[in-house]
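Working notes, beginning with the structure itself.
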Amino acid sequence: MDRSGTATVIVRARSRARSRATLLALLLLALLSTLLAVGSPASAVPTAMSGAQGPEEAPQGTARGADPCAPLPARARGAGGGSSQVAPGQVRQQSRCVTLNEVQVLGSHNSYKLLPPPPIAAALQAFDPELYASLEYEHPELEVQFAEQGIRQIELDVFADPEGGRYFQRKGFLAVGMDPDSNIPELLEPGYKVLHVQDIDFATTCLTLIGCLEEVRSWSDANPSHLPIAILIEGKSDAIPDPLGLGFTVPLQFTTELLDDLDAEILSVFDRDRLITPDDLRGSYDTVEEAALAGAWPTLEQARGKVYALFNNGGADRQAYLAGRPNLEGRVMFTTASPGQPDAAFVQIGDPRGANLARIQELVAQGYLVRTRSDVPTIEARSGDTTRRDAALASGAQFVSTDYAWESPFGSGYQVAIPDGSPARCNPVNAPDGCRSSLLERLP
């Protein structure tokens, strides 16, 4: 064999040797990957809620095989939660490990409300300046609150109107010599109406419960990765003084049947798979409270794009809602209750100052959802006093309700925002170690 033939044989031999070595290396890597997969823990977190997603590729900064709910390594956290620090998969990783009750969000009080019409406003101001001052606040449309103010809890006041037309007239206009007919056909239709005070403070961005909920659904549909939105519903049934004998409308008292209608209206807008309900929380636990205290709240991964309703009323209205359903079986709304009651998962403590601060922190740590208020209508907004606001934020209450997500119009500079919120923050009382506020919600 000549030299060129010998060289060709040597090259081919070396090529075959490299191929065998490459094949052996690939086989060893495949075997190692199989062994690692068998020994890795499941990435989904079991909860009382169904629907947890299966495992995915480990996010950047998380070693394959590591506990998916362990705090993110320091290099992955970043200061202040800036968006440039977020790696693919980190939002979903955290969403599996943070539950609905471990987040603090901003809520709006009487979220639908507009200022009273000018003629009625002028009459109220002349008749009772203090009363008018308490009504001198308003909010933008719900979609603006969600998109621009970061609101993730709203409040709707509802009046039962099963026949329709009960609130078609605004009789406060009679006091200023104007026609009380609203000439709004929607108010003649049966169904719950949304307003603050009948005949006096009725201006609203959405006239009916269904109309308001449809606005929520529209924004939710366009932003399906949003944090769950809590909808506090207050049923109004109080008559108001009528010193001029104008024939102010007397609201209907709530009955179990009317509250069934309320549930039905919510379900007419949101399918059950878009709602978080008491049955979802309770699962296999005996009571709603037992489930809440056991930490059975859904993870953010399970709750994204959904809403849940909270019934503000206590007393006889709460009892009517619980009739035959002491654990809210089949009900849509969570009730406002006191610790120790079977339906207690949601508690309200309006003033977070003084001893209430520690009480709220205790309830949050135990597993309850808590709503508190950072201000009462126009008081702090006029004075600029932030004592109540600061206590509300420090309390860890999941819902901090305000009328001033935007700066007060009274020149005091008063405003409420979730610190480092995007739009929410990891709850200062009960969030797990390593929770990053910047990973709670990232909309397109």
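The values are calculated or read from the model by the stated rules, or taken from the named source; none is laboratory data. Just so it is clear, the model here is predicted, and its values are computed rather than measured. Reconstructed Cβ throughout: ideal geometry from the backbone, glycine too, with neighbour counts over all protein chains shown. Surface accessibility is based on the protein's heavy atoms, side chains included, excluding ligands, DNA and RNA. Shrake-Rupley method; radii C 1.70, N 1.55, O 1.52, S 1.80 Å.
Points worth noting:
- Qualifying positions in the stretch 241-259 - touching a strand residue (DSSP E or B) at 6+ places or on another chain (Cβ under 8 Å) and under 14 Å from Gly172 (Cα atoms): Thr249
- Conditions (1) more than 15 Å from Cys212 (Cβ to Cβ); (2) in contact with a Pro (Cβ under 6 Å, 6 or more places away or on another chain): number failed by Phe159: (1)
- Boolean, Glu301 is touching a residue at least 40 places away in the same chain (Cβ under 8 Å) and either assigned to a loop (DSSP other than H, G, I, E, B) or farther than 25 Å from Arg92 by Cβ (or both): no
- Residue match in the stretch 417-432 (condition: more than 22 Å from the chain's Cα centre (by Cα) and open to solvent by less than 40 Å² (accessible area, probe 1.4 Å)): no
- Filtered residues of the stretch 140-173 (kept if under 14 Å from the mean Cα position of the chain (by Cα), among the hydrophobic types (A, V, I, L, M, F, W, C) and not in a strand (DSSP E or B)): Leu142, Phe146, Ala147
- Residue within the stretch 172-185 that is buried (at least 22 other Cβ atoms within 10 Å of the Cβ) and either of a type outside the set (S, T, N, Q) or within 29 Å of Tyr404 (Cβ to Cβ) (or both) present: yes
- Residues that are assigned to a loop (DSSP other than H, G, I, E, B) and closer than 17 Å to Leu439 by Cα are absent from the stretch 108-122.
- Among the residues of the stretch 134-164, the one identified as among the polar types (S, T, N, Q), within 26 Å of Trp219 (Cα to Cα) and open to solvent by 10 Å² or more (accessible area, probe 1.4 Å) is Gln149.
- Restricting the stretch 208-245 to residues that are of a type in the set (A, V, I, L, M, F, W, C) and open to solvent by 40 Å² or more (accessible area, probe 1.4 Å), the residue that is farthest from Trp297 (Cα to Cα): Leu244
- Qualifying residue in the stretch 189-197 (condition: charged (D, E, K, R) and touching a residue at least 40 places away in the same chain (Cβ under 8 Å)): no
- Matching entry among Leu131, Leu106 (being buried (at least 17 other Cβ atoms within 10 Å of the Cβ) and over 19 Å from Thr205 (Cα atoms)): Leu106
- Hits in the stretch 109-128 (condition: more than 28 Å from Ile231 (Cα to Cα) and either open to solvent by 70 Å² or more (accessible area, probe 1.4 Å) or under 18 Å from the mean Cα position of the chain (by Cα) (or both)): Pro118, Gln125, Ala126, Phe127
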